[in-house]
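Inspection log for the structure reproduced underneath, given as structure tokens.
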Amino acid sequence: MKKAAAILGFVVIFAAYKLTQYDLLNSMNENLVLNGATIELAIFAFCLSSSTYDGKIDIDNGHVEEDDYQKQSIYSVLYSLYDFIGTVESDKGVDYHFTFNTWGIASNPPLYEESDPERFGKTAYKSLVLFDDIKDLISEKISKNEALLILEVGCGTGAGANLISSELAQENPSLNIQYTALDMQLAAINLCNKLHSVNNPNLNCVQGNGMNLTFNDNTFDIIVVSETHIAEIDLDDESIIILNEIKRVLINNGYFVWGNALFTRTWNDIIYNHLPNIGYESCGINNVTSGAIEARYGDEGRAEAYWNAIKARILTLQWHSTCNRYIKQLLFNFYRNPGTNLFNTMVNGTDSYMQICNKITK
């Protein structure tokens, strides 16, 4: 009896030790998909060891250093969480499924109704295909009865891909649009297929890595990048490889549209040095930082309502108040909520939210 108790005690201690090694910031890879039980277990394990978050996540503004997290791990949790939480009620009383994993921008005049919970994310995506050159290309494809081939690199849940492909098809009934939405996270592609491509014949969701695109040279007319982890700090080796891959699979005279909030100095390097040096010419540069800031204020209530929906489903967050604060701040910083580090960097000019259009001549 004593021996059995000793063995059981050892197992419990070992299990507790292993749980404390579970780190939401670094432990998971792009192929991991969590369900409700494993999400709860992962958050419980994360909260069990303060060393996984205390000193890494700023409790006041949610900031976490780039070296303290892996994007594959963070996104495995986020996309699995979006699927687990499902349909929620926004701060304006509208039911929706959180799919636009984008900060987004406000526009004047607004492109979508104020009651739409994801109007800012939709505006960010729709604006990328409103450049004059893109409109001209669409008209040309229609007149020549040619298919318009679009690739999005880093599509997330595919919400933006679904928006662009479905709205362009509705606005141009004779347009044959084929939109490929690519992301490295399996949980994201599962959501893309579950929520979007199943009802959209123009959309194909695929798992893949922007560093090694599995498409032939000179394939796509347009490549879209919106709020992905490319050039987060500067044009590092990984970002340059991805940009070279994008260039490779673009047709001659194809278009690369890109929108994100990045370091202002990084955007300047991209726009005025790197892209021209590898053969692009600009077809539009829009600084929409003020619209991004306005959107974050406009989304503050929705972010709070969504957090309350998460907390209501995750038992650990209901009793572990300290860990609750850390994870909430981390999530809100990711959303660039007012008062967080990433929001403040847009306000003080460290970051700029730019939307750019570039045409490649090979």
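The values are calculated or read from the model by the stated rules, or taken from the named source; none is laboratory data. This is a predicted model, so every value here is computed, not measured. Because the Cβ atoms are built from the backbone with ideal geometry, glycine has one as well, and the counts that use them run over all protein chains shown. We work out accessible area using only protein heavy atoms, side chains counted, and drop any ligands, DNA or RNA first. Shrake-Rupley method; radii C 1.70, N 1.55, O 1.52, S 1.80 Å.
With an 8 Å cut-off on Cα pairs and a minimum separation of 6 or more residues, tell me the relative contact order of segment 19-141 in percent.
On the way: 126 pairs, mean separation 27.0, N = 123.
The normalised contact order for segment 19-141 reaches 22 percent.
Over all alpha-carbon pairs in the chain, figure out the percentage whose distance exceeds 35 Å. Could you put the intermediate results ahead of the total?
Values: 16172 of 65341 pairs.
Cα-Cα pairs of the chain separated by over 35 Å account for 25 percent.
How large is the accessible surface per residue of segment 28-134, computed with a 1.4 Å probe and reported in Å² as a whole number?
Details: 4570 Å² over 107 residues.
That works out to 43 Å² for each residue.
When the accessible area of segment 253-362 is computed with all protein chains present and a 1.4 Å probe, what percentage of it is carbon and sulfur? Numbers along the way, then the final one.
Details: 2110 of 4350 Å².
Carbon and sulfur: 49 percent of the exposed surface of segment 253-362.
Within the chain, which is the longest segment that contains none of the GluC sites (Glu not before Pro) sitting in a DSSP loop with at most 13 other Cβ atoms within 10 Å? The partial results should precede the final answer.
On the way: sites that count: GLU65, GLU113, GLU114, GLU146.
Formally, the longest exposed-site-free interval is 147-362.
Of the cross-linked pairs LYS92/LYS311; LYS122/LYS194; LYS141/LYS359; LYS56/LYS194; LYS92/LYS122; LYS135/LYS359, which ones have a Cα-Cα span greater than 23 Å in the structure shown? Working shown, then result.
Values: LYS92/LYS311 19 Å; LYS122/LYS194 19 Å; LYS141/LYS359 16 Å; LYS56/LYS194 34 Å; LYS92/LYS122 17 Å; LYS135/LYS359 13 Å.
As for pairs spanning more than 23 Å Cα to Cα, those are LYS56/LYS194.
Averaged across orientations, what area in nm² does the convex hull of the alpha carbons in segment 132-171 project? Display every interim value, and only then the final one.
Working: hull surface 12.6 nm².
Hull-based average projected area comes out at 3.2 nm².
Could you size up the charge dipole of the chain around its Cα centre, putting +1 on the beta carbon of Lys and Arg and -1 on that of Asp and Glu, and report it in debye to the nearest 20? Each step should come with its number before you reach the end.
Details: 25 positive and 43 negative charges, 203 e Å.
The calculation lands at about 980 debye.
Find the centroid of the Cα atoms in segment 274-294 and in segment 99-141, then give the distance between the two in whole Å.
Centre-to-centre distance over Cα atoms comes out at 15 Å.
Given H placed 1.01 Å from N in the peptide plane, which residues other than close sequence neighbours of ILE177 have an amide H under 5 Å from its amide H?
So ILE177 has HN proximity to LEU148.
Place the peptides 172-178, 43-49, 101-107 in order of packing, highest mean first, counting for every residue the other Cβ atoms within 10 Å and averaging per peptide. Each step should come with its number before you reach the end.
Details: 172-178: 14.3, 43-49: 20.4, 101-107: 24.1.
Result, highest mean Cβ count within 10 Å first: 101-107, 43-49, 172-178.
Taking +1 at the Cβ of each Lys and Arg and -1 at the Cβ of each Asp and Glu, which of PRO110, ASN193, TRP319 sits farthest along the dipole of the chain towards its positive end, judged by Cα position relative to the Cα centre?
TRP319
Nearest 10 degrees is fine. How inclined is helix 186-195 to the longest principal axis of the chain, computing both from alpha carbons?
Relative to the chain, helix 186-195 is tipped by roughly 70 degrees.
Under a crude label model (7 Å from the Cα following the beta-carbon direction), how far is THR322 from ASN26 in nanometres?
With each label placed 7 Å out from Cα toward Cβ, I get 2.0 nm.
In the chain, if the dipole is taken from +1 on Lys/Arg beta carbons and -1 on Asp/Glu beta carbons about the Cα centre, which of THR264, LEU34, LEU78 is farthest to the positive end?
LEU34
Whole angstrom only: what separates the Cα centroid of segment 308-331 from the Cα centroid of segment 202-250?
35
Pick out, in residue order, every one of the trypsin sites (Lys or Arg not before Pro) in segment 35-126 that is DSSP loop and has at most 14 other C-beta atoms within 10 Å; say none if there are none. Each step should come with its number before you reach the end.
Numbers: sites: LYS56, LYS71, LYS92, ARG119, LYS122, LYS126; in loops: LYS56, LYS92.
Those satisfying the criteria are LYS92.
In deg cm²/dmol and to the nearest 500, what is the mean residue ellipticity at 222 nm of the chain if only DSSP H runs of at least 4 residues count, each as -39500 (n - 2.57), divided by the residue total? Don't skip to the end; give the middle numbers.
Details: 14 runs with 161 residues, N = 362.
Calculated mean residue ellipticity at 222 nm is -13500 deg cm²/dmol.
What's the carbon and sulfur percent of segment 55-192's accessible surface, probe 1.4 angstrom, rounded to a whole number?
43
What does the accessible area per residue of segment 219-317 come to in Å², with a 1.4 Å probe and no ligands, DNA or RNA counted?
On the way: 3780 Å² over 99 residues.
With all protein chains present, segment 219-317 gives 38 Å² per residue.
Please give the residues of segment 104-132, grouped as numeric ranges, whose backbone N is less than 12 Å from a label point set 7 Å along the Cα-to-Cβ vector of VAL94.
111-123
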